[in-house]
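*Asks:* Structure incoming, see below.
Values quoted throughout were computed directly from the atomic coordinates according to the rules given, and no laboratory measurement underlies them. Just so it is clear, the model here is predicted, and its values are computed rather than measured. Here the Cβ is made from the backbone with ideal geometry for all residues, glycine too, and neighbour counts use every protein chain on show.
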Amino acid sequence: MSFTSLITAAAVGIAVGFAVGISVSVRRGLPLWLPPAIGAAAAVCGTVAAWLAGAPVGSLPLDLSMQFFFAATGVAVMLARTQRRPDPGR
């Protein structure tokens, strides 16, 4: 695990979080910063998990796949745990 892989993990997590957060956070009443923050933290956890599993340092496909999987799972769990904001028009 290197500094570059941690920076890449943060970038992947932020990208996944923004991709999901922009489309969903307004309807759920979530702050815009929450999905990217959770995505970045989960992607860093994915990098650490790959390192603990014994992945060779610099194995980009394995690192990226673990980062993306953890970020997507983290954001999906966050969205599943939040309540929809009631529609004021109904």
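*Asks:* In nm, to one decimal, how far is the modelled label at Val24 from the one at Thr82, with both set 7 Å along Cα→Cβ?
*Replies:* Here the modelled spin labels are 0.8 nm apart.
*Asks:* When only Cα pairs under 8 Å and 6 or more residues apart are kept, what is the percent relative contact order across region 3-81? Kindly include the intermediate steps, with their values, before the conclusion.
*Replies:* On the way: 111 pairs, mean separation 30.2, N = 79.
Relative contact order, region 3-81: 38 percent.
*Asks:* Could you work out [θ]222 nm for the chain from helices alone, using -39500 (n - 2.57) per DSSP H run of at least four and dividing by all its residues? Round to the nearest 500 deg cm²/dmol. Please report the intermediate quantities before stating the final value.
*Replies:* On the way: 3 runs with 67 residues, N = 90.
It lands at -26000 deg cm²/dmol.
*Asks:* Under a GNM of the chain (C-alpha, springs under 10 Å), which listed residue has the highest mean-square fluctuation: Gly74, Gly29, Gly17?
*Replies:* Residue with maximal mean-square fluctuation among Gly74, Gly29, Gly17: Gly29.
*Asks:* Of the chymotrypsin sites (Phe, Trp or Tyr not before Pro) in region 12-63, which ones lie in a loop per DSSP and count no more than 15 other C-beta atoms within 10 Å? Let's see the in-between values first.
*Replies:* On the way: sites: Phe18, Trp33, Trp51; in loops: Trp33.
Answer by residue number: Trp33.
*Asks:* What is the gain in length, in nm to one decimal, between Met1 and Leu34 on full extension, counting 0.36 nm per residue of separation less the C-alpha to C-alpha distance? Let's see the in-between values first.
*Replies:* Numbers: separation 33, 0.36 × 33 = 11.88 nm, distance 2.58 nm.
Going from the current span to full extension adds 9.3 nm.
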